[in-house]
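The values are calculated or read from the model by the stated rules, or taken from the named source; none is laboratory data. These figures come from a predicted structure and were not determined experimentally. Cβ coordinates were reconstructed from backbone atoms using ideal geometry, including for glycine residues, and neighbour counts include every protein chain displayed.
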Amino acid sequence: MALAYGGAVVALGILPALFLDPVGQGCGRCPGNLLGVFDSPHAAQTLNRVAVQLGLAWALLLIALLGWRLFRSTAATRRLIAPVVVPAIVYLSLVAWSFQHALGRGFLSNDALDHRLWAGQAVALVAVALGVAWEWVRGRRLRSTLARLVVELAASPPPGGLGAALSETLGDPSLTLLYPLPDGRRVDAYGRPAEPAQEQAVTPLVRGGRRVALLVHRPGLLDDPGLAGEIAAAARLALDNERLQAQVRAQFEDLRASRVRIVERGDTERRRLERDLHDGAQQRLVSLALSLRLACLEPSAERDMVVLQEAEAEVRRAVAELRELAHGLYPAALSEEGLGAALQAMAEATSTPLTLTRLPEGRFDPKVEAAAYFLVAETLKRSRPRRAAVDVASVDGRLIVEVEIDQRLSEDLTDLEDRVGALDGRLLVRATSGAETRIRAELPCG
Amino acid sequence: MRVVVADDEVLLREGLARLLTETGFEVVGKAGDPDQLLRVVRQSRPQVAIIDIKMPPTHTDEGLVAAEELRRRDPSMGVLVLSHYLESRYAMRLLQQHPERIGYLLKERISDIAVLADAIRRVAEGECVIDPTIVARLMARQRDSGPLTQLTDREREVLALMAEGHSNQGICDKLFLSPKTVEAHVSQIFSKLDLREVPGYHRRVLAVLTFLRTP
């Protein structure tokens, strides 16, 4: 722009002036040309013509440049620069027009059309000035909005509140904030793992050389240079607050997952032991009993026979005990047919009269089934009630397990609480008016 | 009597086969997995197949599945399933398919040759056999009220024997009672338990077991 302006001044003003002597051209009242080197109307005329052509070319080139910039910009940037660029293009078009008008006669003059074009150019220039002013006002407004945001955020918003506030301030509903964790993962304000969508743009908010957050937004939203820095500065406290909260939540989530894994590993181990006992030890013992029986078929003496028979009976008792042990570890019915079948089998096996009021249909997550089963099994084992009632129902995505026993709990149920808690469930123990206890577990299962 | 033995544990299979041979059974085939069992049965046409509930590949209920398949192919063949599980649900699963010529015994019975031989014979003759331990456990569930408490001791004995799959004649032999007395007990039991007396011996086993399993 400056080059064009300088070029025009030199070509149009100074160079022809070197060769024009108005007095020599018959203008008696004109003052003598102080710049005149020598009088050559022809040279002046040629220079004038070249200058007009040059001016026209410059104007057209600038129009093309501005148009190209406008065309290449994202929608957001276009909105941002339009108040300046559009009047500038209008102004340059009018300039080009006046050069084009002067092209025929070879020099700039001041006929009626020139007058009107100049007036138009003046108006366009004022519009450019207004555009620049508007730009400045908008920047101020954004800063003051951000400042208001700081005040708003001082009231420690809920998780995601910062993202929502920024989204409203910057007018991008898709805007979200992600926080990088020290281990390289990215989480949202709730501490959940999150990644920006493919079509979204990501602007890191940097403070003290460290990425404190990632602003995920629609492309072009933050083309205004320095805006990201402004946001990082304005929302400093809230950002730190939310980032730390997200970190804590993510750690909590990790902890919860590890708790679930511990319980799961325990169950897997129980199941493995159950199989090992059945397929290994029990099988061996049955084989042994069989061998003893075979030995009985050909006893060498009456005494041997008695010994062998006793040994065989002993082995059979061991088999029965092993079966009970294996069953208690992890009943086959639980893994094969689910909670309902396992509780029915329990009602068959236990010496406590056990009433099953309701049993759920279908299968649930094995973790949930195991938690529900062992809650009932352990409660009965520890309290040894004279009677018990169990009610299991699936309500609104939760499995509600209720165990009612006719006495107070003597032992604590911390391990069962852990098991239920690991699944995000709750365990409530309530002593009723009589000597009864009601244990209720709510397990998310949907 | 011609029998086939199926168990993936080779020592157990061979020992059981030897014991059965010594006791007078004719072991016409042995199998270590369900496929082999089906093949052996097709070739040797036994009267009873003795099958371990746990067989390869997963060692869960392949034995039961094989038993069901054998019964589907030849309903006249007896099947005795040996199991480590004391739960009644596996026995019920077998009974619900074809409530005849079927048995469910605890595995450790195989060293008690008298019980095992009796079970094989009964299955071959068309009866059902349910392990006495399973029935005893169902009967032992304490009930403060309910129809079971109204039975006399003798009626409870008869009920247990019915649940184990014994026919009226079998019950007569076991309890040294006359057929008339047993019949009287049976109808008394059915009326006290408010069960419709079902025609046919096999449906009776199923009805009694279902009653006992209901909590």
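Rundown of residues vs (1) under 60 Å from the mean Cα position of the chain (by Cα); (2) away from chain B (no Cβ under 12 Å), yes/no style:
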{"site": "A:Arg303", "(1), (2)": "no, yes"}
{"site": "A:Val306", "(1), (2)": "no, yes"}
{"site": "A:Val315", "(1), (2)": "no, no"}
{"site": "A:Ala320", "(1), (2)": "yes, no"}
{"site": "A:Leu329", "(1), (2)": "yes, yes"}
{"site": "A:Ala332", "(1), (2)": "yes, no"}
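Might you check whether a residue that is of a type in the set (A, V, I, L, M) and in a loop (DSSP other than H, G, I, E, B) occurs anywhere in region A:163-178? Yes, there is a match, as at least one residue in region A:163-178 is of a type in the set (A, V, I, L, M) and in a loop (DSSP other than H, G, I, E, B).
Condition first: surrounded by 16 or more Cβ atoms within 10 Å (Cβ to Cβ), within 14 Å of another protein chain (Cβ to nearest Cβ) and either touching a Cys at 6+ places or on another chain (Cβ under 8 Å) or of a type outside the set (A, V, I, L, M, F, W, C) (or both). Now tell me which residues in region B:134-156 satisfy that. B:Arg137, B:Arg141 - these are the residues of region B:134-156 that are surrounded by 16 or more Cβ atoms within 10 Å (Cβ to Cβ), within 14 Å of another protein chain (Cβ to nearest Cβ) and either touching a Cys at 6+ places or on another chain (Cβ under 8 Å) or of a type outside the set (A, V, I, L, M, F, W, C) (or both). Of everything in region B:51-88, what is in contact (Cβ under 8 Å) with a residue 40 or more places away in the chain, within 13 Å of the chain's Cα centre (by Cα) and away from chain A (no Cβ under 13 Å)? Give them in sequence order. Once the filter is applied, which keeps residues that are in contact (Cβ under 8 Å) with a residue 40 or more places away in the chain, within 13 Å of the chain's Cα centre (by Cα) and away from chain A (no Cβ under 13 Å), region B:51-88 yields B:Ile51, B:Gly78, B:Val79, B:Leu80. The residue that is nearest to the chain's Cα centre (by Cα), among those in region B:169-200 that are farther than 14 Å from B:Glu155 by Cβ and assigned to a helix (DSSP H, G or I), is B:Gly170.
Would you pick out the residues in region B:8-27 that are under 17 Å from B:Ala119 (Cα atoms), among the hydrophobic types (A, V, I, L, M, F, W, C) and more than 9 Å from chain A (Cβ to nearest Cβ)? B:Ala17, B:Leu20, B:Phe25, B:Val27, listed by residue number. Residues in region A:170-188 that are under 8 Å from the mean Cα position of the chain (by Cα) and in contact (Cβ under 8 Å) with a residue 60 or more places away in the chain: A:Leu177, A:Val187.
Candidates are the residues of region A:283-294 that are free of Cβ contacts under 8 Å to residues at least 12 places away in the same chain and out of contact with any Gly (no Cβ under 8 Å at 6 or more places or on another chain); the one that is nearest to the other protein chains (Cβ to nearest Cβ) is A:Gln283. Look at (1) surrounded by 15 or more Cβ atoms within 10 Å (Cβ to Cβ); (2) at pLDDT below 85; (3) assigned to a helix (DSSP H, G or I) and you find that A:Gly106 fails only one, number (3). Filtering region A:55-88 to residues that are aliphatic (A, V, I, L, M), farther than 30 Å from A:Glu199 by Cα and either in contact with a strand residue (DSSP E or B) (Cβ under 9 Å, 6 or more places away or on another chain) or crowded, with 18+ Cβ neighbours inside 10 Å (or both) leaves A:Leu56, A:Ala59, A:Leu62, A:Ile63, A:Ala88. Give B:Gly126, B:Gly165 a once-over and let me know the one that is in a loop (DSSP other than H, G, I, E, B), buried (at least 21 other Cβ atoms within 10 Å of the Cβ) and in contact (Cβ under 8 Å) with a residue 24 or more places away in the chain. On inspection, the qualifying residue turns out to be B:Gly165. Against the list (1) more than 14 Å from chain A (Cβ to nearest Cβ); (2) under 23 Å from A:Asp276 (Cα atoms); (3) under 17 Å from the mean Cα position of the chain (by Cα), the condition B:Asp33 fails is (3). If you go through region B:90-123 and pick out every residue that is among the β-branched types (Val, Ile, Thr) and crowded, with 22+ Cβ neighbours inside 10 Å, you end up with 4.
Working carefully through the options A:Gly280, A:Gly226, A:Gly266, find the one that is surrounded by fewer than 16 Cβ atoms within 10 Å (Cβ to Cβ) and within 14 Å of another protein chain (Cβ to nearest Cβ).
Numbers: A:Gly226 fails: within 14 Å of another protein chain (Cβ to nearest Cβ); A:Gly266 fails: within 14 Å of another protein chain (Cβ to nearest Cβ).
After applying the criteria, what remains is A:Gly280.
A count restricted to region A:238-252 and to residues that are within 11 Å of A:Ala189 (Cβ to Cβ) and of a type outside the set (A, V, I, L, M) stands at 6. Taking the numbered list (1) away from every other protein chain (no Cβ under 14 Å); (2) crowded, with 16+ Cβ neighbours inside 10 Å; (3) touching a residue at least 12 places away in the same chain (Cβ under 8 Å) in turn, B:Leu177 passes all entries but (3).
Restricted to region B:34-50, and to residues that are in contact (Cβ under 8 Å) with a residue 40 or more places away in the chain and buried (at least 21 other Cβ atoms within 10 Å of the Cβ), which residue is farthest from A:Arg271 (Cα to Cα)? Give the derivation first.
Taking region B:34-50 as the starting set, the residues that turn out to be in contact (Cβ under 8 Å) with a residue 40 or more places away in the chain are B:44-50.
Subsequent filtering for residues that are buried (at least 21 other Cβ atoms within 10 Å of the Cβ) retains B:46, B:48-50.
Working: B:Pro46: 36, B:Val48: 33, B:Ala49: 30, B:Ile50: 27 Å.
Here the answer is B:Pro46.
Note on region B:196-206: residues that are of a type in the set (A, V, I, L, M) and surrounded by 19 or more Cβ atoms within 10 Å (Cβ to Cβ) amount to 1.
Mind checking whether some residue in region A:216-228 is part of a helix (DSSP H, G or I), under 21 Å from A:Arg79 (Cα atoms) and small (Gly, Ala, Ser)? Checked region A:216-228: at least one residue is part of a helix (DSSP H, G or I), under 21 Å from A:Arg79 (Cα atoms) and small (Gly, Ala, Ser). Of the candidates A:Thr350, A:Thr355, the single residue that is modelled with pLDDT of 80 or more and within 30 Å of A:Val260 (Cβ to Cβ) is A:Thr350. Any residue at all in region B:104-125 that's away from chain A (no Cβ under 11 Å), among the polar types (S, T, N, Q) and touching a helix residue (DSSP H, G or I) at 6+ places or on another chain (Cβ under 6 Å)? The answer is no, given that none of the residues of region B:104-125 is away from chain A (no Cβ under 11 Å), among the polar types (S, T, N, Q) and touching a helix residue (DSSP H, G or I) at 6+ places or on another chain (Cβ under 6 Å).
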